[in-house]
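Q: Shown below is the structure under consideration.
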Amino acid sequence: MPEIELSAGTIAYEDTGGPGPVVVLLHGLVHDATVWRKVVAGLGRDHRCITPTLPYGSHRTPMRTDIPLGPDSVNELIAEFLDRLDLREVTLVESDCGRAQTVAGRHPERLARLVLISCEAFDNYPPGAPGKMISLVCKVPGGVALMARILALKPLRRLPIGLGALTRRPVPHEIADGWLRPLLTDKAIRNDFRRYNAGVRKTELLEAAEGLRKFDRPALVVWATEDRMMPREHGRRLAELLPQGRLLEIEDSCTLIAEDQPERLTEALRAFIAETAAERS
């Protein structure tokens, strides 16, 4: 897996390469790039898919301790990642977390279009019961290690405060094991996780929503109709405030549509990129 040294630390990423349209896919907390494996398997045949693993607790290399780490700094890290790889006409896709909203508002220069998939938005931040639980455990000494140990117990993974809140179907154990291993085995990764969550500002995504009003490029909002964490009306609100926003709802799915309905999501991404590219030409 290639790596790139950025100002906050080393980021690993997957890159399918090829001459097709560039798609950068961003994941959420306690996931890594493998959350996109099924989408990349289909979309990567004719698109260049790049999937960085961000410092959300499933990363393998700790970030620099002398650089602040939080949602605001990750916003800048994502923009730096696009710059350093010199990516142009990017379709920026994000699921679960909301960093792409701020990146689109503040750093639109490399973006051709934006896709927001069942993500934290507006005042739902941290989102739902799992988000609030994470915020709490990060304030308790030893809380992050305890949370990781609980989630590592296979019979408990479908709890509504764990992966059970994110998907309708179980995430394969080998994938979930990979997501949890850094938190279980590396104190420095647990420290990164605490630092990131300590940096959450309640107003960040409200500010990001105002920035999205100026993102006058094609934007697709994809929402899971059975999402337990992200209110369904937030999908509609995001699509309405984006000048070129459109909404697609996908049934029989929770937050991680890439896990529950990867084929439908892949088809939607391919159609959106093709249609909006044709409109621009």
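The values are calculated or read from the model by the stated rules, or taken from the named source; none is laboratory data. Nothing here was measured: the structure is a model prediction, and the numbers come from that model. Surface areas here come from the heavy atoms of the whole protein model, side chains and all, with no ligands, DNA or RNA. Shrake-Rupley method; radii C 1.70, N 1.55, O 1.52, S 1.80 Å.
Q: Which of the lysines could a cross-linker span from Lys38 if the Cα-Cα distance has to be under 28 Å and same-chain partners fewer than 8 positions apart are dropped?
A: Counting by Cα, and skipping residues close in sequence, Lys38 has these lysines nearby: Lys154.
Q: With θ taken as phi - 60° and the coefficients 6.51, -1.76 and 1.60, list the Karplus ³J(HN,Hα) couplings across region 52-67 in order, rounded to whole Hz; mark glycine and proline as x.
A: Result, ordered by residue: x, 9, 7, x, 10, x, 10, 6, 9, 10, x, 7, 5, 7, 8, 10 Hz.
Q: Taking amide H positions as placed in the peptide plane 1.01 Å from N, state which residues far from Met229 in sequence (5 or more) or on other chains have amide H under 5 Å from it.
A: Amide H to amide H, under 5 Å and 5 or more residues apart or across chains, Met229 pairs with Thr255.
Q: Now a separate question. What accessible area, in Å² to the nearest ten, does a 1.4 Å probe give for Asp72?
A: That residue has around 50 Å² of solvent-accessible surface.
Q: A follow-up question, please. Would you list which lysines come within 17 Å of Lys132, measuring only between C-alpha atoms, while excluding same-chain residues fewer than 8 positions from it?
A: Within the straight-line limit of under 17 Å, Lys132 reaches these lysines: Lys202.
Q: Quick one: grab the alpha carbon gyration tensor of the chain, order the square roots of its eigenvalues as a ≥ b ≥ c, and give me rounded if a/c is under 1.5, else prolate or oblate depending on whether a/b is larger than b/c.
A: Judged from the Cα gyration tensor, the chain comes out rounded (a/c under 1.5).
Q: Next question. As a test question: what accessible area, to the nearest 10 Å², does Glu5 have when a 1.4 Å probe is rolled over all protein chains in place?
A: 100
Q: Using just the helices of the chain, give the 222 nm mean residue ellipticity in deg cm²/dmol: DSSP H runs with n ≥ 4 each add -39,500 (n - 2.57), and the total is spread over all residues, rounded to 500.
A: Per the formula, -12500 deg cm²/dmol.
Q: Quick one: angle between helix 143-152 and the longest Cα principal axis of the chain, in degrees between 0 and 90, rounded to 10, please.
A: It is inclined by approximately 80 degrees.
Q: Antiparallel as a % of all DSSP beta bridges within the chain, to the nearest 5?
A: 25
Q: Taking Cα pairs under 8 Å and at least six residues apart, what relative contact order does the chain come out at, in percent? It would help to have the intermediate numbers written out before the result.
A: Working: 546 pairs, mean separation 59.5, N = 281.
It comes to 21 percent, rounded to a whole number.
Q: Still on this model: How far, in degrees from 0 to 90, does helix 262-280 lean away from the longest principal axis of the Cα atoms of the chain, to the nearest 10?
A: So the helix axis and the longest Cα principal axis differ by about 40 degrees.
Q: Roughly how far apart, in whole Å, are the Cα centres of region 206-230 and region 1-43?
A: 21
Q: Principal axes first, then extents: for the Cα atoms of region 137-194, list largest minus smallest coordinate on each axis, whole Å, largest first.
A: The Cα atoms of region 137-194 stretch 31, 20, 16 Å along the principal axes, largest first.
Q: Same structure again: Would you mind telling me the share, in percent, of accessible area of the chain contributed by carbon and sulfur at probe 1.4 angstrom?
A: 54
Q: Continuing with the same structure: So what is the accessible area of the chain per residue, in Å², with the probe set to 1.4 Å?
A: 41
Q: Out of residues 5 or more away from Asp96 or on other chains, whose amide H comes under 5 Å of its own, with H placed 1.01 Å from N in the peptide plane?
A: Ile117, Cys119, Glu120
Q: Same structure again: Ordering Asp66, Asp32 by how much accessible area each has at a 1.4 Å probe, largest first, what is the list?
A: Sorted descending by solvent-accessible area, the residues read Asp66, Asp32.
Q: May I pose another question? Please say if region 234-281 is rounded, prolate or oblate, where rounded means a/c under 1.5 for a ≥ b ≥ c the square roots of the C-alpha gyration tensor eigenvalues, and otherwise the choice is prolate for a/b larger than b/c and oblate otherwise?
A: It comes out oblate by the Cα gyration axes.
Q: What is the helix-to-structure angle for 232-241, meaning the angle in degrees between its Cα long axis and the longest Cα principal axis of the chain, kept from 0 to 90 and rounded to the nearest 10?
A: The answer is roughly 40 degrees.
Q: Here is a further query. Checking the a/c ratio against 1.5 first, then a/b against b/c, what shape does the Cα gyration tensor give for region 139-264?
A: oblate
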